Each structure stands twice: as C-alpha cells, then as structure tokens.
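Only one structure is covered here, and it is reproduced in the block below.
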Amino acid sequence: MADSIDKLQMSITKRYGGKVVLDHFPLEVGGREFVTFLGPSGCGKSTALGIIAGLVPPSDGEIHLNGRRIDDVSPEKRGFGMVFQNYALFPHLTVFGNVAFGLSLQKRPSAEIEQRVRGMLGLVRLAGYEDRYPGQLSGGQQQRVAIARALVLHPRLMLFDEPLSNLDAKLRVEMRAEIKQLHAQLGLTSIYVTHDQAEALSLSDRIVVLREGVLMQVGTPQEIHDRPKNVFVADFMGFRNFLDVTLGKEAGGMIEAGFKGQILQARARDSFRPGEHAVLAIRPEDVRLGKSGDGVNVLRGKVELVEYLGREQEAEIALNGDARLWVRSHEKLVLGEMLDLTLPADKFVLLRRE
Ligand SMILES: Nc1ncnc2c1ncn2[C@@H]1O[C@H](COP(=O)(O)OP(=O)(O)OP(=O)(O)O)[C@@H](O)[C@H]1O
Ligand SMILES: [Mg+2]
C-alpha cells in the first residue's frame with residue numbers, strides 16, 4: 001500500500017560546536033527493511049534520524065534515496081512519516097481530525113479522506129474512537145493515533161524515535177508486535193530508534209549499534225546477539241562476564257586461554273595470536289552449575305550476591321583472587337555456598353581487549 005523505496009544510502013557527519021556527535025555514520029537501508037539504531041543515551045540515534053527526516057542539517061556528507069540526492073530536499077517533500085516518543089498529537093483535534101490532518105492539507109476529496117482515515121483506524125484497532133480527543137485516550141491509544149497519522153499518508157519511509165518508551169512494560173511488548181505486523185502488512189520500510197536491546201532484537205531485520213556517534217556493528221539480531229564484535233557491543237547485548245586472558249597454543253580449532261593460573265579452552269578465531277592479551281565474554285545464562293564430565297573450563301567460587309529475577313536468580317561468584325563471575329540459574333543459590341561452574345567453550349566469545 002505504501003510506496004516502497006529501493007535504497008537509502010548515506011554517510012553523515014554531524015558536529016555541534018566543536019563536538020563530533022556523528023562521525024562518518026554510514027547507513028544503507030533496502031526497501032521493506034526494518035532497521036534499528038541501538039545505543040545508549042547520547043550516542044547520536046535521534047540526531048541520525050533527524051538528519052534522515054530533514055529536521056537536522058548534517059555538517060558533512062550526503063543522503064541518497066533511490067540514487068538521488070535528497071539532503072537539500074525539505075522534510076515535507078521527502079515523504080517520510082515520523083513517530084516520536086511523546087506522540088505530539090494535536091490536542092484540540094479529535095482522533096479522526098488528527099489522522100485526517102495531513103490528507104486535508106493535501107486537499108484530498110472528503111470521501112477519500114473518510115475512507116483512508118477509517119481504514120487506518122481499523123488497522124491500528126481504534127475503530128469507534130473517531131470522536132475522542134487525545135486527552136481522553138490512554139498512552140498506548142495515543143501512540144496508535146500517532147502511528148495512524150503517519151501511515152495514512154503512505155510514507156516511503158517510516159521513522160520511529162523511541163515510540164514506546166513512555167508506555168508501561170506490558171503495553172510496550174504488545175505495541176511492538178503491532179508495529180512489526182503493520183510494517184509487514186503494509187510493506188513499509190522502517191528505521192526505528194531505541195536503547196532497548198529486547199525491542200531491537202524482536203523488531204529488526206538489521207540492527208545498527210552506535211557508540212558516541214561511531215558505528216560499532218551492523219548485523220542481523222542473531223549476529224549482534226551471538227557474535228558481538230567488541231566488548232562494547234557484548235556488554236550492551238547482555239554479556240556480563242569479561243575474563244581477561246592471555247592466549248596460548250591453538251590446535252584443532254581451539255585456543256588455550258590463561259586465566260588466573262588456570263588454562264581455559266575457547267573456540268579459536270582468525271586474527272588472534274598466541275601470547276596476545278584478549279577477553280573471553282560469556283553470558284550469565286550460559287555458565288552451568290557443576291563440573292563438566294571432562295573437567296574442562298571448570299572454575300570454583302563462592303556465592304557473594306544473589307539477585308532475584310522471578311523464575312531465575314543471578315548470582316555473583318567470587319573466584320580466586322579478585323575475579324568475579326555472574327551466573328544465572330533456576331536452582332536456588334545460597335549466599336556463602338561454594339560452587340563448581342562450567343564455562344562451555346562454544347559459549348565464549350573471544351574479543352580484543354580495549
Ligand atoms: N541541538 C543540539 N545542540 C548541541 N548538542 C546537541 C544538540 N542535539 C543533540 N546534541 C548532542 O548530540 C549528542 C547526541 O544526541 P542525540 O539526541 O542524538 O542522542 P540519542 O542517542 O538520541 O540519546 P537518547 O537515547 O538520550 O535520546 C548528545 O551528546 C547531545 O548532547
Ligand atoms: Mg534520542
């Protein structure tokens with residue numbers, strides 16, 4: 001239903017005063033893709049989105065849409081839809097009036113406006129709410145009006161800036177499923193900003209991880225989740241254990257890693273050499289309680305802190321010396337208890353020390 005784009009391409013630098021907030025930020029988005037910008041507060045996500053929308057002028061660089069330069073095209077002429085965190089609805093207009101606003105500006109015939117607005121309100125499950133005012137709607141309903149208002153104009157590209165962060169946890173999960181469904185159903189191309197890794201993983205075809213205006217990694221949710229390229233991305237994606245190791249002999253696809261006087265085994269990776277200092281990252285949920293059969297990668301330590309997570313617990317284990325390890329378990333973990341832990345070799349991600 002929406003006009004599709006073939007390709008958006010850009011490489012953008014943005015400075016505020018002397019400060020570089022986006023440094024040659026490269027991006028390529030294909031038609032019907034769902035791409036997410038993920039990163040901590042202040043990393044430049046909204047700035048990048050604002051530049052694509054035409055609301056923020058870039059300091060350097062170009063944006064091309066289907067091979068044509070668009071960075072000197074005004075925001076209205078770009079034909080993009082935007083949804084913000086704070087809904088930004090017109091308070092004095094009804095739900096119908098809000099969604100019809102852009103079509104009225106385009107002087108569409110009233111029969112067409114009526115039909116498109118009603119159709120769109122049906123899609124976002126707000127049929128029957130036409131005459132309400134924004135102040136009479138819940139946060140989730142207001143955000144659906146904001147999404148309908150953008151989508152009714154058949155945007156070539158949808159830009160979302162943390163659209164769900166004002167909603168409670170349950171509604172957030174429901175609304176993200178709705179956004180994903182609308183994206184597929186309408187054949188949209190979408191760029192979505194969030195600092196929530198779960199949101200990025202569940203929505204995206206590709207995730208772009210940013211740190212202080214610099215691109216850290218681009219990949220599918222599975223690539224970013226399973227094979228982070230550096231300590232920053234791993235940390236952001238929920239790896240909580242980072243073991244400083246010194247690499248040793250490599251044989252049969254495995255490499256030895258010296259850690260606190262013990263030898264651990266990890267899967268070898270190209271470009272890592274014996275003698276090099278490196279980091280082994282592993283998620284708390286991948287650390288197993290007890291000894292492995294072959295005794296490989298077993299560490300012993302004492303439970304120092306237990307965080308209750310509901311179904312599971314996450315505990316901090318004090319190892320030899322000053323090392324600490326986080327482990328997640330369904331079994332009850334008791335403060336002060338001594339535990340054997342197995343770190344499966346294929347769950348380690350070998351990273352360069354920063
Ligand atoms: N108008 C401005 N003038 C000066 N500095 C700005 C301006 N807008 C943003 N910045 C700075 O640019 C950097 C990136 O800001 P941006 O809003 O893009 O971050 P963000 O990733 O969207 O963060 P958040 O998750 O908090 O929304 C920040 O350091 C911010 O302080
Ligand atoms: Mg922002």
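Tabulated results
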item: Strands (runs of 3 or more DSSP E) enclosed by region 159-259 - at least 2 residues per element that are of a type in the set (Gly, Ala, Ser); result: 241-251, 254-259
item: Only one of LYS77, LYS45 that is among the charged types (D, E, K, R) and more than 16 Å from ligand 2 (Cβ to nearest atom); result: LYS77
item: Meets criteria (under 17 Å from LEU210 (Cβ atoms), assigned by TED's automatic domain parsing to the domain that holds ASP161, away from ligand 2 (no atom under 13 Å from the Cβ) and touching a residue at least 60 places away in the same chain (Cβ under 8 Å)) for VAL29; result: yes
item: Test: GLY119 is assigned by TED's automatic domain parsing to the domain that holds PHE80 and surrounded by fewer than 17 Cβ atoms within 10 Å (Cβ to Cβ); result: yes
item: Hey, VAL83 in the same structural domain as ARG206 (by TED's automatic domain parsing), closer than 17 Å to HIS154 by Cβ, crowded, with 19+ Cβ neighbours inside 10 Å and within 16 Å of ligand 2 (Cβ to nearest atom) or not; result: yes
item: Condition met for ILE5 (over 21 Å from MET175 (Cα atoms), away from ligand 2 (no atom under 16 Å from the Cβ) and surrounded by 14 or more Cβ atoms within 10 Å (Cβ to Cβ)); result: yes
item: Condition met for SER292 (in contact with a strand residue (DSSP E or B) (Cβ under 8 Å, 6 or more places away or on another chain), in a loop (DSSP other than H, G, I, E, B) and of a type in the set (Gly, Ala, Ser)); result: yes
item: Residues of region 31-56 classified as among the small types (Gly, Ala, Ser), touching a Leu at 6+ places or on another chain (Cβ under 8 Å) and away from ligand 1 (no atom under 12 Å from the Cβ), total; result: 1
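Table: residues versus (1) within 17 Å of LEU215 (Cα to Cα); (2) in contact (Cβ under 8 Å) with a residue 40 or more places away in the chain; (3) not assigned by TED's automatic domain parsing to the domain that holds VAL214.
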| residue | (1), (2), (3) |
| --- | --- |
| LEU38 | yes, yes, no |
| GLY54 | no, no, no |
| GLY61 | yes, yes, no |
| GLU76 | no, no, no |
| GLY79 | no, yes, no |
| HIS92 | no, yes, no |
| VAL95 | no, yes, no |
| GLY102 | no, yes, no |
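The values are calculated or read from the model by the stated rules, or taken from the named source; none is laboratory data. Just so it is clear, the structure is predicted and the values come from calculations on it, not from any experiment. Quick reminder, even Gly has a Cβ in these numbers, built from the backbone with ideal geometry, and neighbours come from all protein chains shown.
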